[in-house]
Structure formats: C-alpha cells, structure tokens
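These notes concern the structure reproduced below.
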Amino acid sequence: MVSVALCTYNGEKYITKQIKSILEQSTPVDEIVICDDGSTDNTIAILEELKQNCSTNIIIHRNTHNLGVCANFEFAISLCKGDIIFLSDQDDIWNPDKVKTTVSWFETHPQKSVVFTDATLITEDDKEFSNKSLWDCIGFNKKMRRFFDNGLSLESFFINKATGATMAIRKDICFPFTRYCNNDNVLHDYCIALKALDNDGLGYIDKPLIKYRLHGNQQAGISHQLQHPEIFSNIHRPLCNIPNNFPFNNQTTKQHVSLGHLRTNTNVLQTIIYVFKYIHIYKHNFLHFFLYDIIYKAKLFGCKYRKTNCF
C-alpha cells in the first residue's frame, strides 16, 4: 500500500496542481493523508471539492491548533497506513512516473528505508527557474555523491542534502522526530535522513522526480542553500548541524558525529591535539580533513585577530 503524507497551510494558490499531479501518477497511490495546519484561506474548500471528484481515498484532517511544519508532518505520517509513504509539500508538481520509479527502487533496494531524489526548480508561474537542478544548488552534486557512495555518507550529511518534498520512506523508519527539530537547520527531512543513515538505510535516485517551486510564501525551503552553495557543496568544511542528542544506535555513526562536532567547535591547537581521532575515523582520507581544518581555523583566527570578515 502506498500513502502520501501532505501538509497544507494557506495553500490555495498551488494545491490543486499538486493534488492533480499526485492523482495522475502512472502508478496510482492508495491514499492521500492531508493535515491542514490552520489555513485561513480557501485551502480546505478546494481540498473538499477535489476529494468529491476523485476515486482515490483522500483523508483531510484539520488540526485544532497550529503545529508547525515538523510536527504537522510527524502527525500526517502517523495517520498513513501505507508500507511506503511519500512526503509532499503543497506547492510542488510531481512528475508522472514519480511513484512508479520510487516504488520500483524500493523493490530493488530492500535494505533501504528512505530515498530522496533530485528536482527541477520552478518559479511561481511554473517556469523553470534555472538550468541547475535542486541538487546542484544545495550541494549534492556529482562530487558530493561520490563521497556519499564511497564511505562518507554521514559526512555528506553534516549539512542536510535530502529535501523532504522529494522523499519517500518505509513505514518502519517512523519515529518521533519533532523533538530533535529546531525549525532552523534541523527540520523533519533532516531527522528522517539521519535516522536512515544510522543503519545505512538512506539512498537516492539520481533523477528529478518533482518540480520544486520557489516562492516567497514557503513554510520551509532552500533559500539559504541557494544563497550559499559553496558551504553546502564542501564536505571538508568543519560544519555539523546534527543535533547533539540525536538517537543514533550505531557506534561507528556516533564516533563520526562526535568528531564532526569537535571539528565544528575546536580551534587550531585543539585540532592538532585531536589528530589521532582524524586518523581513526577517516583513515586514508584523514589528511584531507585534518589539513583543511588547520588551514580553515588558522584563517578564521587571523580574521578574528584583524577583526575582519573572511567568510
């Protein structure tokens, strides 16, 4: 059974196109679970009309109070009955073979619990935004994908690369992720990706399977990534957004995360002291990370000493 967890909030402008793109899939979904987070426009009326005119099971739940993006997705997922659950924003457009391609991928990757895809960027009026895809703009480019495939998947995700609107998950990966979200750089999609990474359960499909809309009223989006692609595409940069209290089980994962936090918070001298941690974790790759951190932090120290902004 295939479910869609779709969250809405004042989405009257685009919701019809999104719902229709889901209903017109080459492989149909079994249910669409919609959780509305207190819309004050015509979103509910539009959804009710769409529900009456289609054979697919559409479930509309209206929250009694505003939950926010992350909690609303957690609730929507909990209401889904499908073995595979697609996450959906209210303002995108799915490609006709999105469900077929993703379900087929899960069938050939039984050990994986979460998958995300690339996307075409579009404007408010459905025009292509750029000749670059979503992954090009948020740093999951070919170079980063090679790191991901060759043993540095967690380092690839010290900053999130999986956009929730492109995600599909197996029901058994679900967990109460809202407690780890901060509505800034740790959202529901990042938590889900991290949970999957802990057991080598995260994968990707190297195709754009949705049209991802960029506009000013997005509840959550990629505006920061678009403005700073050099940060998100550099695996060696010492930044780690993973929550300190995230419930990892795998000991190796915990060690990688611990070093990630150390790299983020230490100065030059402390980095030198921790050289054996770099060797232990990164082995033959340790020199790239270690030397980058030394140079980066020395430069950062020099900027602070001169009271200038280097980055």
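Of all residues in segment 185-214, those satisfying the criterion of being part of a loop (DSSP other than H, G, I, E, B) and either within 13 Å of the chain's Cα centre (by Cα) or not assigned by TED's automatic domain parsing to the domain that holds Ile122 (or both) are Asn185, Val186, Leu187. Per the listing Lys142, Lys127, Lys100, the residue uniquely in contact (Cβ under 8 Å) with a residue 24 or more places away in the chain and basic (Lys, Arg) is Lys100.
Going by the structure shown, is Thr163 surrounded by fewer than 21 Cβ atoms within 10 Å (Cβ to Cβ), β-branched (Val, Ile, Thr), assigned by TED's automatic domain parsing to the domain that holds Ile84 and in contact (Cβ under 8 Å) with a residue 12 or more places away in the chain? It is false that Thr163 is surrounded by fewer than 21 Cβ atoms within 10 Å (Cβ to Cβ), β-branched (Val, Ile, Thr), assigned by TED's automatic domain parsing to the domain that holds Ile84 and in contact (Cβ under 8 Å) with a residue 12 or more places away in the chain. Checked against the criteria, Pro96 counts as in a loop (DSSP other than H, G, I, E, B) and touching an Asp or Glu at 6+ places or on another chain (Cβ under 8 Å). Candidates are the residues of segment 108-147 that are under 15 Å from the mean Cα position of the chain (by Cα) and of a type in the set (Phe, Trp, Tyr); the one that is surrounded by the most Cβ atoms within 10 Å (Cβ to Cβ) is Phe116.
Hand me the list of strands (runs of 3 or more DSSP E) wholly inside segment 1-89 holding 3 or more residues that are more than 23 Å from Val186 (Cα to Cα).
Here the list reads 31-36, 57-62.
In segment 51-76, which residues are of a type in the set (A, V, I, L, M, F, W, C) and surrounded by fewer than 20 Cβ atoms within 10 Å (Cβ to Cβ)?
Cys54, Ile59, Ile60, Leu67, Phe75
Quick one: Asp293 ticks every box in (1) surrounded by 15 or more Cβ atoms within 10 Å (Cβ to Cβ); (2) part of a helix (DSSP H, G or I); (3) at pLDDT below 95 bar one, so which box is it? Unmet condition: (3).
Within this structure, Val268 fails the test of being modelled with pLDDT of 95 or more and surrounded by 12 or more Cβ atoms within 10 Å (Cβ to Cβ).
The values are calculated or read from the model by the stated rules, or taken from the named source; none is laboratory data. Just so you know, these numbers come straight off a predicted model, no measurement behind them. Counting neighbours? That spans all protein chains shown, and the Cβs are built from the backbone with ideal geometry, glycine included.
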